[in-house]
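S.K.: Just dropping this structure here.
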Amino acid sequence: MSTIDLRSMTTEELADHLQQQGYPSFRAKQIRQWLDQGVTDFRCMTNLPLSMRETLAAAYTVPGCTIVRKLVSSIDGTVKYLYGLDDGETVESVLMQYKHGWSQCISTQVGCRMGCTFCATGMGGLVRNLSSAEMLSQIETAQRDSGVRVSSVVLMGMGEPLDNYDEVIRFLRLLMEDGGVHIGMRHISLSTCGVVPGILRLMEEKIPLTLSISLHAPNDEIRSRTMPVNRRWPIDQLLDACRRYVAATGRRISFEYAMIDGVNDSDACAAELADRLRGMLCHVNLIPVNSVSGKTQKRSDRRRIERFMEILKKESINVTVRRTLGSDINASCGQLRRQADQQENRKEALP
Ligand code: SAH
Ligand code: SF4
């Protein structure tokens with residue numbers, strides 16, 4: 001018998017749903033409180049009538065994740081989790097400590113179909129979307145395991161959030177609800193490779209999160225080579241959507257730029273990038289690209305990155321180099337799952 005995902009409902013939706021099943025709506029709040037405390041077994045929800053607990057246990061589910069592997073950086077305490085989902089799939093999530101508190105990077109899909117050439121996640125294509133409950137559970141599980149309170153969330157793990165639009169928005173709305181996790185929208189960042197219709201839809205949602213765009217190239221020629229999404233929505237269209245987003249929300253956009261040796265890191269690239277972004281309320285984040293097994297990309301050296309940054313600064317573009325956290329545990333997403341898959345394949349290949 002198929003079961004209904006109860007975790008993906010807001011308290012209001014749950015109240016309506018329970019009412020339709022003949023239960024009083026105040027039960028929704030009680031259930032929500034249990035879930036917020038991490039109690040997911042309906043049989044343990046002792047303030048519900050016994051018969052209701054049994055019905056819920058038979059017909060409903062609370063999707064969650066379990067910790068399959070956990071790596072802790074000995075350099076800066078960054079924690080990387082490989083989570084197992086109810087159907088046996090795995091996703092990654094990273095917990096990082098900053099001055100202002102703990103920030104968690106979560107996944108929105110198992111795999112990704114965008115195929116960026118430098119990315120480990122994209123290598124296996126898209127397996128499936130995550131539900132909002134599975135996104136929420138990544139935070140709850142990390143908080144329970146580590147004992148810290150997550151104060152900001154970035155949707156920058158595995159997957160393209162705007163390719164799983166409805167569940168991501170539902171997740172954001174669940175995050176804003178009072179109770180367990182409760183994180184304000186100003187402490188949430190969403191990163192996209194440039195799904196233009198998604199950006200324009202997001203603009204209308206009136207959710208004041210921080211939008212990050214993975215730009216990684218100053219022109220269509222380089223960008224289409226490294227990011228196939230650019231063939232569908234070229235740079236001009238993307239930056240036009242960004243300008244509209246800034247005008248509608250008043251929020252600064254963050255552009256991610258992974259520096260790949262000999263690909264996108266020349267002086268000419270810096271000058272072209274400055275030209276493109278001039279006048280926009282934005283910030284550029286330079287990231288030394290991470291190596292990925294099976295790919296030949298090399299990160300630009302320090303001097304090149306500094307020079308690139310100087311050119312942008314001279315053109316009055318806001319720019320920083322991203323601090324690398326968890327470098328000893330390969331904290332960028334997609335790698336751990338791939339390693340686990342490869343080990344799994346090796347196991348299967350044994351007689
Ligand atoms: N799909 C979304 C969010 C997940 S990827 C997006 O692309 O924005 C999160 C970030 O990691 C993106 O900025 C992506 O471009 C970057 N990234 C992917 N592979 C990387 C690598 N090998 N080195 C550095 N950054 C990488
Ligand atoms: Fe997908 Fe983002 Fe990786 Fe591109 S960088 S393949 S969009 S996860």
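The values are calculated or read from the model by the stated rules, or taken from the named source; none is laboratory data. Predicted model only: the values in this text are computed from it and were never measured. Glycine gets a Cβ as well: all are built from the backbone with ideal geometry, and neighbour counts include every protein chain shown. In case anyone asks, the SASA skips ligands and DNA or RNA and just uses the protein heavy atoms, side chains included. Shrake-Rupley method; radii C 1.70, N 1.55, O 1.52, S 1.80 Å.
S.K.: Could you pull out the residue among 213, 199, 207, 139 that is buried (at least 20 other Cβ atoms within 10 Å of the Cβ) and outside any helix (DSSP H, G or I)?
M.R.: Only one candidate qualifies: 213.
S.K.: Contact list please: Cβ distance under 8 Å, first residue in the stretch 182-203 and without any contact (Cβ under 8 Å) to a residue 40 or more places away in the chain, second residue of a type in the set (D, E, K, R) and within 16 Å of ligand 2 (Cβ to nearest atom), pairs at least six apart or on different chains.
M.R.: From residues that are without any contact (Cβ under 8 Å) to a residue 40 or more places away in the chain, the pairs are 192/160; 195/160; 195/163; 198/163.
S.K.: Give the stretch 44-79 a look and list any residue that's in a loop (DSSP other than H, G, I, E, B), over 21 Å from residue 132 (Cβ atoms) and among the β-branched types (Val, Ile, Thr), or say none.
M.R.: 46, 75, 78
S.K.: With the structure loaded, tell me whether residue 194 is at positive phi and open to solvent by less than 10 Å² (accessible area, probe 1.4 Å) or whether it fails that test.
M.R.: So residue 194 fits the description; yes.
S.K.: Kindly indicate the residue of the stretch 80-106 that is assigned to a loop (DSSP other than H, G, I, E, B) and away from ligand 2 (no atom under 14 Å from the Cβ) and also least open to solvent (accessible area, probe 1.4 Å) among those meeting that condition.
M.R.: The selected residue is 85.
S.K.: In the stretch 168-186, is there at least one residue being within 16 Å of ligand 2 (Cβ to nearest atom) and modelled with pLDDT of 95 or more?
M.R.: Yes, the stretch 168-186 has at least one match.
S.K.: Residue by residue through the stretch 117-127, note down the ones that are open to solvent by 20 Å² or more (accessible area, probe 1.4 Å) and touching a residue at least 40 places away in the same chain (Cβ under 8 Å).
M.R.: Selection gives 117, 118, 119, 123, 124.
S.K.: Can you pull out the residues in the stretch 17-34 that are more than 30 Å from the chain's Cα centre (by Cα) and open to solvent by 30 Å² or more (accessible area, probe 1.4 Å)?
M.R.: Matches in the stretch 17-34: 19, 20, 21, 22, 23, 24, 25, 26, 27.
S.K.: Can you work out which of the residues in the stretch 161-170 that are closer than 21 Å to residue 86 by Cα and within 16 Å of ligand 1 (Cβ to nearest atom) is surrounded by the fewest Cβ atoms within 10 Å (Cβ to Cβ)?
M.R.: Selected residue: 167.
S.K.: Collect the residues in the stretch 107-116 that are more than 10 Å from ligand 1 (Cβ to nearest atom) and either crowded, with 18+ Cβ neighbours inside 10 Å or more than 21 Å from residue 193 (Cβ to Cβ) (or both), keeping them in residue-number order.
M.R.: Within the stretch 107-116, 110, 111 qualify.
S.K.: Output the residue which, of all residues in the stretch 142-160 that are within 16 Å of ligand 2 (Cβ to nearest atom) and not acidic (Asp, Glu), is surrounded by the most Cβ atoms within 10 Å (Cβ to Cβ).
M.R.: Filtering first and then ranking leaves 159.
S.K.: Can you pull out the helices (runs of 4 or more DSSP H) entirely within the stretch 223-325 that have at least 1 residues that are buried (at least 17 other Cβ atoms within 10 Å of the Cβ), modelled with pLDDT of 95 or more and within 16 Å of ligand 2 (Cβ to nearest atom)?
M.R.: Fully inside the stretch 223-325 and qualifying: 229-232, 235-249.
S.K.: Restricting attention to the stretch 187-207, which residues are away from ligand 2 (no atom under 16 Å from the Cβ) and either under 20 Å from residue 285 (Cα atoms) or in contact with a Ser or Thr (Cβ under 7 Å, 6 or more places away or on another chain) (or both)?
M.R.: Passing the criteria: 187, 188, 203.
Conditions tested, residue by residue: (1) without any contact (Cβ under 8 Å) to a residue 24 or more places away in the chain; (2) aliphatic (A, V, I, L, M).
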{"site": "43", "(1), (2)": "yes, no"}
{"site": "47", "(1), (2)": "yes, no"}
{"site": "52", "(1), (2)": "no, yes"}
{"site": "70", "(1), (2)": "no, no"}
{"site": "93", "(1), (2)": "no, no"}
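S.K.: Still on this structure: For the stretch 181-206, give me the residue count where each residue is of a type in the set (A, V, I, L, M, F, W, C) and touching a strand residue (DSSP E or B) at 6+ places or on another chain (Cβ under 8 Å).
M.R.: The qualifying residues number 7.
S.K.: Looking only at the stretch 152-167, count how many residues are part of a helix (DSSP H, G or I) and modelled with pLDDT under 95.
M.R.: Summing the residues that are part of a helix (DSSP H, G or I) and modelled with pLDDT under 95 in the stretch 152-167 gives 0.
S.K.: Check 186, 173, 201, 144 and return the single one that is more than 13 Å from ligand 1 (Cβ to nearest atom) and over 28 Å from residue 29 (Cα atoms).
M.R.: From the options 186, 173, 201, 144, the qualifying one is 201.
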